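The values are calculated or read from the model by the stated rules, or taken from the named source; none is laboratory data. Keep in mind that what you see is a predicted model, and the values were worked out from it rather than measured. Here the Cβ positions follow ideal geometry from the backbone for every residue, glycine too, while neighbour counts run over all protein chains shown.
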Amino acid sequence: MTPKQSTYSRYYVARKVNHLCVYCGKPVTRGLVHCEDCRVKVNLRSNLSKRALHKNHLCVSCRKPCEQNNRVLCNKCLIKSSTRSKNLRKKRHAAGLCAGCGKRLLLIRNRVCEPCWFKEVALRWTGSQKNGPILMTIFKRQCGRCIYTGENLVLGETASLDHVVPRSRGGSSEPENLQWVGKRINEMKGNLIHEEFLKIISDIFHYGVFR
């Protein structure tokens with residue numbers, strides 16, 4: 001260890017113990033090592049570095065060439081990252097915490113909290129976790145009820161995300177094309193659009209009542 005590294009390490013440890021920013025020495029919230037200004041700078045440098053590595057098809061972790069150009073991690077680092085993620089989720093689950101964020105919130109089916117559940121659904125059906133808050137907003141706008149039957153939907157059990165115009169027929173995952181319905185209703189609707197499904201329901205009702 002060089003004298004420069006030793007000095008830096010001593011400053012780092014001393015500032016961290018005294019709840020000071022390890023870069024500028026300003027007071028920080030307990031548990032953090034950077035103040036708000038330094039955190040922004042660190043994240044910016046980190047993002048710029050990762051973009052440059054990804055542009056050159058290098059792993060952002062070990063900086064070795066990626067086997068697939070569209071990935072940010074090589075196969076070896078991808079396996080390590082996946083293993084760490086699985087182990088972390090198992091530890092959180094065993095401790096009664098949300099497997100997604102680690103917070104002690106009301107869990108859905110003893111697994112993840114409500115925000116993380118919406119993120120998982122968003123990743124599966126829209127391709128991005130960023131749409132999680134949007135799905136939560138749609139659910140609350142519907143007052144947690146099925147758009148067709150009015151039944152109260154239970155997250156993780158009966159609640160199912162539906163595309164008004166199915167993706168198989170060119171429907172998008174924009175908020176205007178999304179709605180929450182009961183799981184059994186979604187199975188019945190299949191690849192029908194909203195108007196077609198309502199017509200079938202109407203035909204069944206009229207035939208059953210007025211025949």
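Applying the selection to segment 168-191, what residues are within 18 Å of GLY127 (Cβ to Cβ), part of a helix (DSSP H, G or I) and in contact with a Ser or Thr (Cβ under 9 Å, 6 or more places away or on another chain)?
PRO175
Here are the criteria: (1) over 30 Å from LEU153 (Cα atoms); (2) in contact with a helix residue (DSSP H, G or I) (Cβ under 8 Å, 6 or more places away or on another chain); (3) in contact (Cβ under 8 Å) with a residue 12 or more places away in the chain. Tell me which single one ARG63 does not satisfy.
(3)
When the residues of segment 62-99 are filtered to those that are in a helix (DSSP H, G or I) and of a type in the set (Lys, Arg), which remaining residue is surrounded by the most Cβ atoms within 10 Å (Cβ to Cβ)?
ARG92
Of all residues in segment 34-61, how many are part of a loop (DSSP other than H, G, I, E, B) and surrounded by 12 or more Cβ atoms within 10 Å (Cβ to Cβ)?
6
For a quick check of your reading of the model, give me the residue pairs whose first member lies in segment 79-107 and is assigned by TED's automatic domain parsing to the domain that holds GLU67 and in contact (Cβ under 8 Å) with a residue 12 or more places away in the chain, whose second is surrounded by 11 or more Cβ atoms within 10 Å (Cβ to Cβ) and acidic (Asp, Glu), with beta-carbon atoms closer than 9 Å and at least 6 apart or on different chains.
Pairs that qualify, where the first residue is assigned by TED's automatic domain parsing to the domain that holds GLU67 and in contact (Cβ under 8 Å) with a residue 12 or more places away in the chain and the partner is surrounded by 11 or more Cβ atoms within 10 Å (Cβ to Cβ) and acidic (Asp, Glu): there are none.
Restricting to segment 136-163, and then to whatever is within 19 Å of LYS119 (Cα to Cα) and of a type in the set (A, V, I, L, M), can you tell me which residue is surrounded by the most Cβ atoms within 10 Å (Cβ to Cβ)?
Across segment 136-163, the extreme among qualifying residues is ALA159.
If a residue must be under 17 Å from GLN142 (Cα atoms) and over 24 Å from the mean Cα position of the chain (by Cα), how many such residues does segment 164-207 contain?
Final tally of qualifying residues: 2.
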